[in-house]
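**Q** Below are the structure tokens for one structure; questions will follow.
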Amino acid sequence: MRAARVSPACACVLLCATAWFSACVPWVLGVESAFESVGAPHCGALSSPAVFTPTALCVDYRKRGRHFGTHELVALLSGTAERLSHAHPDAVLHVGDLSAPHGGWISEHASHRTGRDVDLAFFLTDMAGQPVAASAATRIDRFGLGLRGMRVVRFDTARNWAVVRSLLQGDEADIQWIFVSASVKARLLSFAVRKGESWELIDRAERVLHQPTGAAPHDDHFHVRIFCPRGVAGAFCQPLGPSRPWRVSIPDAVLTDDRRLDLALSACIEPN
Ligand SMILES: [Zn+2]
């Protein structure tokens, strides 16, 4: 997704910051995992990543080498696919881009730089209700319909809600955002209410489902962003955006220890 603009100084600042981390962090914290997700989603890097490995329940539908993320994100994907299969045994989660091996810029994305972002394809059906294989992005309009070539397809609300539900119910990671268009959000929440889901779950979904401002509407896929890794692995990670009531707390001693990253990142993030 497109978020804040990044100045030309970003790469330089991060390079300096990374050099400083490489020299000092192991000495300060005594652990390499502090590097895992460094910086902000649109101005950062990734180190010691976990590798997303496709399974029968969870495939990499873009196959272009962007399958690296934090350990929490990769665990979230396999856990989500597993939970999804309980409700919909034939459902295969179609996973798009995560991050490059060392994070940083990748084409077609302003974020996806720190291993905390992943795109998921929508589940779609034909007009008879038969599943349609996910591949290229299909934009969904306010009626829940889209065009795949010359063919009209329908947003599969039940299975897409099951994806959101599975993301929110796992304990592998804390969801910060699920970027999606306002009309898709309304469709999903309406379905959840009719289905009789708990108000706690609906409240969580209402908070994290969001059409980003100043960016593509995300009417053709879910863009999931998790919070910084819990504990020391998130020491140099910048969450940005709101916290959530259900967010697992991170030890203050780790987060407040270093202000240099704040200074470095404030130089590379320009307000919209
Ligand atoms: Zn994305």
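**Q** How do the peptides 150-160, 220-230, 110-120, 198-208 rank, highest first, by the average count of neighbouring beta carbon atoms within 10 Å per residue? Please list the in-between numbers first.
**A** Working: 150-160: 16.8, 220-230: 22.7, 110-120: 26.7, 198-208: 15.1.
So the order, starting with the most tightly packed, is 110-120, 220-230, 150-160, 198-208.
**Q** Less than 12 Å Cβ to Cβ from residue 201, Lys/Arg counted +1 and Asp/Glu -1: what total charge do the surrounding residues give?
**A** Local charge sum for residue 201: 0.
**Q** I've got another one for you. Under 5 Å between amide hydrogens, which residues at least 5 positions from residue 237 or on another chain qualify, with H placed 1.01 Å from N in the peptide plane?
**A** Result for residue 237 returns 39.
**Q** Please turn the phi angles of the stretch 73-85 into ³J(HN,Hα) values with the Karplus equation 6.51 cos²θ - 1.76 cosθ + 1.60 (θ = phi - 60°), one per residue in order, whole Hz, x for glycine and proline.
**A** In residue order, the calculated couplings are 5, 5, 5, 4, 5, 5, x, 5, 4, 5, 5, 4, 5 Hz.
**Q** How large is ³J(HN,Hα), in whole Hz, for each residue of the stretch 61-71 in order, when computed from phi with the Karplus curve 6.51 cos²θ - 1.76 cosθ + 1.60 and θ = phi - 60°, using x for Gly and Pro?
**A** Once rounded to whole Hz, the list reads 7, 9, 6, 10, x, 10, 10, 10, x, 5, 4.
**Q** Also, quick follow-up: Explain nothing, just compute: Karplus ³J(HN,Hα) = 6.51 cos²θ - 1.76 cosθ + 1.60, θ = phi - 60°, for every residue of the stretch 172-178 in order, whole Hz, x for Gly and Pro.
**A** Those phi angles translate into 6, 7, 9, 6, 9, 9, 10 Hz.
**Q** Moving to a separate point now. Amide H to amide H, which residues 5 or more places from residue 174 or on other chains are under 5 Å from it, using H placed in the peptide plane?
**A** 227
**Q** Which residues' amide hydrogens lie under 5 Å from the amide hydrogen of residue 44, considering only partners 5 or more residues apart or on another chain, with H built in the peptide plane?
**A** 104
Here, each number is a calculation from the coordinates, and none is a lab measurement. Keep in mind that this is a model prediction, so the values were computed, not measured. Heads up, the Cβs are rebuilt from the backbone with ideal geometry, glycines too, and the neighbour counts pull from every protein chain shown.
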